[in-house]
Amino acid sequence: MQLVSGARMAASNLVDFEEVSYLYPGAAVPAVQNLSLNIRQNQRYALIGRNGCGKTTFFHLINGLYKPQKGVIRWKENPLKYDRRSLNQLRQQIGLVFQNPEHQLVATTVEEDISYGLCNLGLPESEIASKVQQALLDFDLSDLADAPVNFLSLGQKKRISIADVMVLQPQLILLDEPGAYLDPHQVRNFQKILISIQKKGSTIVLSSHDLDFVEAWADWVFVMDEGRVVLEGSPGTVFSETEKLNELGLGLPLIYDLMNSRSDLDGNPANLNPFNEFRQRIRDRFWSGEKS
Ligand code: ADP
């Protein structure tokens, strides 16, 4: 087990948090407390934790929406600057999909909304048009291209808000509970897009309550509680910490639950082979989604 490693520093780090604390105006307790962690390039990170543990605040700190009262946040080794120009530059490299899509959508129609960020980048019109058409297809939004955003369902708005950010292919993509409001078909579609966007070179950090998905998808898991990272590691490492995760009220992915329910395994590693095989099959099934 690796407990909180502020020191996991490497040249390819995109983001470093060093002892970062953030207190909302008027709040008694900081939402993020002495948080130290590193985000490395081209990895898949999942953030898990109970509601209110500080996940959203963490995302808003990374892209400079909030300025910490204590500690340092670095983007590619340079401390964040909070003037308008620096923040605009930062946000061209870091895309944030808000938990609530209503906080994010800006334009009147779906097509305009997806074009918005591309227009701000000053790309040629033909390139904007082809990227927008592709995004409409990827997110199953072609039929809604001219629909007024205001009249759409929350699930449809969520898909637009994810498309808005993905179409820009930022270096770092932050997704705050991307599965919220999506139906099972849309969740699977979104997961395929996640795989392909990472292949194009983006680093992804997402928060999720879907531990089976986290187990299959993530390279690295951060577990947050009361504004701190209390545990981090590969999914195998983190989800073996049964007692700690139960204490935090988080539960386990199904395969770990099954493994723990068998009291006759006697801690013999050979007895775990069928579970490990099953776990691998779940992962293979998830990753085969990229081909379908
Ligand atoms: P999560 O995303 O994990 O649910 P948040 O980052 O939204 O957690 O919240 C962390 C803590 O900060 C919670 O205790 C929450 O009540 C508090 N909080 C969130 N937003 C505000 C705000 N605008 N003003 C005061 N407190 C807030």
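For Leu47, indicate whether it is assigned to a helix (DSSP H, G or I), of a type outside the set (Phe, Trp, Tyr), at pLDDT 95 or above and within 28 Å of Ile197 (Cβ to Cβ).
No.
Please enumerate the residues belonging to segment 147-167 that are farther than 10 Å from Val110 by Cα and not in a helix (DSSP H, G or I).
Ser153, Val167
Hey, Asn100 hits all of (1) modelled with pLDDT of 95 or more; (2) more than 18 Å from Val167 (Cα to Cα) but one; which does it fall short on?
So the condition that Asn100 fails would be (1).
If you take the residues in segment 19-53 that are among the polar types (S, T, N, Q) and touching a residue at least 40 places away in the same chain (Cβ under 8 Å), which one is nearest to the ligand (Cβ to nearest atom)?
Taking the candidates together, the pick is Gln33.
In segment 247-292, how many residues are among the basic types (Lys, Arg) and modelled with pLDDT under 80?
First, the residues of segment 247-292 that are among the basic types (Lys, Arg): 262, 279, 281, 283, 285, 291.
Within this subset, residues satisfying the condition of being modelled with pLDDT under 80 are 262, 291.
The number of residues fulfilling the criteria is 2.
Look through Asp225, Asp212 and report the one residue that is of a type outside the set (Val, Ile, Thr) and out of contact with any Pro (no Cβ under 8 Å at 6 or more places or on another chain).
Asp225
For segment 54-146, please list each of the helices (runs of 4 or more DSSP H) lying entirely inside it that holds at least 2 residues being within 16 Å of the ligand (Cβ to nearest atom).
Values: elements: 55-62, 84-93, 110-120, 125-138.
Ranges flagged: 55-62.
With respect to the numbered conditions (1) at pLDDT below 95; (2) surrounded by fewer than 21 Cβ atoms within 10 Å (Cβ to Cβ); (3) more than 22 Å from the chain's Cα centre (by Cα), which one is the sole condition not fulfilled by Lys244?
Of everything listed in (1) at pLDDT below 95; (2) surrounded by fewer than 21 Cβ atoms within 10 Å (Cβ to Cβ); (3) more than 22 Å from the chain's Cα centre (by Cα), Lys244 misses just condition (1).
The values are calculated or read from the model by the stated rules, or taken from the named source; none is laboratory data. This one's a predicted model, so the numbers in the text were calculated from it and none came from an experiment. No Cβ is skipped: glycine too gets one built from the backbone with ideal geometry, and neighbour counts run over all protein chains shown.
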